[in-house]
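The values are calculated or read from the model by the stated rules, or taken from the named source; none is laboratory data. Note that the structure is predicted; figures quoted are calculated from it, not measured. All Cβ positions, even for glycine, are placed from backbone atoms using ideal geometry, and neighbour counts span all protein chains on display.
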Amino acid sequence: MSSVKVDLTEIQATILRPRPAPYFGTHVLLRVNDAEAGRAFLRRLTPHIDSAANWWNAADPWLEVGISYAGLEALGVPQDSLQSFPEAFREGMAARARQLGDEGVNDPKNWDQPYGKGEVHIGVSAFSESEEDRRRILSIAREQLEGFSGVSVLAMQDFGAQPGDLNPLGYKDGIDQPAIEGSGVDPLPGQGRPIKAGEFILGYAGESGVALPMPQPDILGRNGTFVGFRKYQSRVGAFNRFLRANGSTEEERELLAAKLVGRWRSGAPLTLSPEVDNHTLGADPQRNNDFDYSRDERGRQAPFGCHIRRMNPRDTKLTRLTDVNIHRIIRRGTTYGPPYDPNALSEADDEVPRGAIFLFISAKAMATIEFLQQEWINDGNFIGAGNERDPIVGLQEEGATFTIPKEPVRRRVHSIETFNVLRGGEYFFLPSLSALKWLAGLEN
Amino acid sequence: MFLAPLGAKERHISLLWSEAVQLGNVSINISPLCGEGSIYVEDFGNTTLAHRLRDQDQTDRKEKRVAMATQTQIATEPKSDAVVEQKIQKLKELYADAPELGKAALENGLANIKQELAAISTTAGKQSAGRVGARQGKVSELTAILKITKDGAKRLRGLLEIMEGNFKGADVVGTLHDMRFVFLDNDTKLLFATAYDGEWDAYIDDFVTKIPTSMDLVFCNLEGWPGIHDPNIKDWLVKHQITADAWYVASPNLTVAETRRLERVGKALDEFLDKISA
């Protein structure tokens, strides 16, 4: 057993604290116009940032704060320190469009304001269990901005669980997460063996036995991590049309919907319930993730190309040598906009701003997200799915298909479209509490 | 805006498309919602997702045709005569002071060269495999020249001989099309070259955790090898790798996994056809 213990008092709560159910929150994107003002804002905000010391208090609302590379520059971080950050982070998510495969409709030139222009400097996210708590914690955050013109709010996006905790395409999401060794958090069944802390938090040994390169100086990098922030708009109309076009009864449609994701709408995995949904199973965190693919080697329960099998292949035999444990990432999905509407069918429905903003957290978030995009989302070679792409977050090309293995002959669904369109994103650094104080204490 | 009733023939669609393109500034969408087999043409102007997706469809279709051209060698975007002439001119200049053999080859082969140049599609050029290396479609190349340590040559040769001159163990990697080890300059240098699927960077971390001993066993015989666990191992590899200037791949869409799958499918199909023709 490893005796590595993660310093919970230093890392931000959001890294370990699970998303409450139901959840309510807001993302606030800010620009630093003046270095001193930016640092003063951090100084005032930091006492309100929860550490992970009481990670189990998911009932308490909490704030997290992330800073982009442009933000670090704007705060006056010294040059040699800036240079010690990973290249992908320094370039910013928009400039990594090639590596991320963000082209066509997902191209940064099509993104919503204020994304993609190097103006998003600081991201503050509030998480809570109720609408009241959300308002309360958000006003605490806003108070710290009072009297400043040197920091401006670029955008605010409320998010929250929809009725039944469903995402805009009508599914319960965010079930599977990696377990982190030394975090003190008991792994839930099915999460797999705890992964070395260094994969998720800087300054600890990773799966290879050594710590990942850490930004300098030590106090800035240690106990920090990176976040990939990606805002997707869900084309609910297109999704519903697709289901209707490829299933003539409600049962057929729901089965198809489950085959795309790998779970029924309730969250019950196909692997444990291959034929019908099971709401009690879906709602039970002790059971809804407790499976592997050892009895589904041909993809007849969960298709190889389905979303959850791509995002975490578990013991699936992949076509290429892969260590799945070094590609895990903590995912916090935050749903925004009007709730899932099973009767939305028109193109106008697709234009409604509703979707999910994903936060992907890892000590090497940039490398992992770019890997996932290239290898596991926008390609199917790794899992024997040829050119096919992830049906939920993949960027589909014309003529795209989705294969559902079954007896006696596989079913290949045509006319699959891009159901989640990328509207913006950025890479953030999530500093430790000491690092936040160090940043606030910088001088010109 | 016009609606053209359409037979389900691919031919009709491409005909209408090229006609519409000449009108300039239009986008095409074959919408399943309009009912089977109709096509409508619409002006740009709006910036809804729907319109962007339609634009994307159009670009996709164009790119797909070009991509397919590299496989089937049918010219879909043929180089214009002027461009070909320009290239021939440049070739003649380049070869003006070539050895007689070369000059003669250019003269005698001019007709063939013209044909080949005319057939090159605009986007069939060399792509990048990422940080270093060239790529065609899904297949990338890695070429490195590495110094062998003083006693490394004997050891490495011996190892390769024990492996029967073949690294079948590399099957486990799953993405290597080929791999060659060539000793140069009196066993002081090693040419290491491989064709593999995907991006350069993607799986090196996986080698570190999954096959560290295999990597160190072979590469410890090279000067300066820091060990696969070195945090800067990728930088070291980049330093010794030289991107190919030209990279030809016969089937750029065939990954190792896909080739194996097609082999199985082909075999099963043959057996099936045997059965039904019996």
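Structure summary
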{"item": "Filtered residues of region B:201-229 (kept if more than 23 Å from A:Ile369 (Cα to Cα) and loosely packed, with under 15 Cβ neighbours inside 10 Å)", "result": "B:Thr213, B:Asp216, B:Leu217, B:Cys220, B:Glu223, B:Gly224, B:Pro226, B:Gly227"}
{"item": "Residues of region A:212-224 that turn out to be crowded, with 19+ Cβ neighbours inside 10 Å and over 19 Å from the mean Cα position of the chain (by Cα), as a count", "result": "7"}
{"item": "Number of the exception - B:Thr143 against (1) β-branched (Val, Ile, Thr); (2) assigned to a strand (DSSP E or B); (3) within 12 Å of chain A (Cβ to nearest Cβ)", "result": "(3)"}
{"item": "Pairs with Cβ under 8 Å, 6+ apart, first in region A:59-73 and more than 14 Å from A:Ser432 (Cα to Cα), second small (Gly, Ala, Ser) and part of a strand (DSSP E or B)", "result": "A:Pro61/A:Ala126; A:Pro61/A:Ser128; A:Trp62/A:Ala126; A:Trp62/A:Ser128; A:Ser68/A:Gly123"}
{"item": "Positions within region A:197-211 being buried (at least 21 other Cβ atoms within 10 Å of the Cβ) and touching a residue at least 60 places away in the same chain (Cβ under 8 Å), in sequence order", "result": "A:Ala197, A:Gly198, A:Glu199, A:Phe200, A:Ile201, A:Leu202, A:Tyr204, A:Gly206"}
{"item": "Residue satisfying condition, being out of contact with any strand residue (DSSP E or B) (no Cβ under 7 Å at 6 or more places or on another chain), outside the structural domain of A:Asn223 (by TED's automatic domain parsing) and under 27 Å from A:Glu250 (Cα atoms), within set A:Ala367, A:Ala356, A:Ala348", "result": "A:Ala348"}
{"item": "Hey, A:Gly228 buried (at least 23 other Cβ atoms within 10 Å of the Cβ), under 19 Å from the mean Cα position of the chain (by Cα), in a helix (DSSP H, G or I) and in contact (Cβ under 8 Å) with a residue 12 or more places away in the chain or not", "result": "no"}
{"item": "Total residues in region A:215-241, condition at the interface with chain B (Cβ under 10 Å from one of its Cβ atoms) and among the aliphatic types (A, V, I, L, M)", "result": "1"}
{"item": "Residue match in region B:147-159 (condition: exposed (fewer than 12 other Cβ atoms within 10 Å of the Cβ) and assigned to a helix (DSSP H, G or I))", "result": "yes"}
{"item": "Yes/no for A:Asn288 being out of contact with any Phe, Trp or Tyr (no Cβ under 8 Å at 6 or more places or on another chain) and crowded, with 19+ Cβ neighbours inside 10 Å", "result": "yes"}
{"item": "Region A:256-285 - residue that is surrounded by fewer than 18 Cβ atoms within 10 Å (Cβ to Cβ) and of a type in the set (Asp, Glu) and, of those, farthest from A:Arg310 (Cα to Cα)", "result": "A:Asp284"}
{"item": "Residue list for region A:44-65, restricted to those being farther than 14 Å from A:Ala126 by Cα and within 20 Å of the chain's Cα centre (by Cα)", "result": "A:Ala52, A:Trp55"}
{"item": "Filter result for the condition that a residue is in a helix (DSSP H, G or I), farther than 19 Å from A:Pro178 by Cβ and modelled with pLDDT of 95 or more, over A:Arg39, A:Arg31", "result": "A:Arg39"}
{"item": "Any hit, region B:159-166, residues being closer than 26 Å to B:Thr259 by Cα and among the β-branched types (Val, Ile, Thr)", "result": "no"}
{"item": "Filter result for A:Ile195 (of a type in the set (Val, Ile, Thr) and over 30 Å from A:Asp277 (Cβ atoms))", "result": "yes"}
{"item": "Positions within region B:92-103 being surrounded by 12 or more Cβ atoms within 10 Å (Cβ to Cβ) and either in a helix (DSSP H, G or I) or in contact (Cβ under 8 Å) with a residue 40 or more places away in the chain (or both), in sequence order", "result": "B:Lys92, B:Gly102, B:Lys103"}
{"item": "Search result, residues across region A:127-169 that are small (Gly, Ala, Ser) and closer than 22 Å to A:Ala70 by Cα", "result": "A:Ala141, A:Ser149, A:Gly150, A:Ser152, A:Ala155"}
{"item": "Flag for A:Arg253 being free of Cβ contacts under 8 Å to residues at least 24 places away in the same chain, crowded, with 16+ Cβ neighbours inside 10 Å, in a helix (DSSP H, G or I) and assigned by TED's automatic domain parsing to the domain that holds A:Phe360", "result": "yes"}
{"item": "Residues located in region B:242-278, provided they are within 14 Å of another protein chain (Cβ to nearest Cβ) and small (Gly, Ala, Ser)", "result": "B:Ser251, B:Ala257, B:Ala268"}
{"item": "Residue in region B:68-88 that is within 14 Å of chain A (Cβ to nearest Cβ) and modelled with pLDDT under 60 present", "result": "yes"}
{"item": "Test: residue in region B:210-227 that is over 28 Å from the mean Cα position of the chain (by Cα), within 12 Å of chain A (Cβ to nearest Cβ) and among the small types (Gly, Ala, Ser)", "result": "yes"}
{"item": "Helices (runs of 4 or more DSSP H) within region A:82-182 that include 3 or more residues surrounded by 20 or more Cβ atoms within 10 Å (Cβ to Cβ), on the phi < 0 side of the Ramachandran plot and not polar (S, T, N, Q)", "result": "A:131-143"}
{"item": "Complete set of residues in region A:399-417 that are under 18 Å from A:Asn378 (Cβ atoms) and touching a Gly at 6+ places or on another chain (Cβ under 7 Å)", "result": "A:Phe402, A:Thr403"}
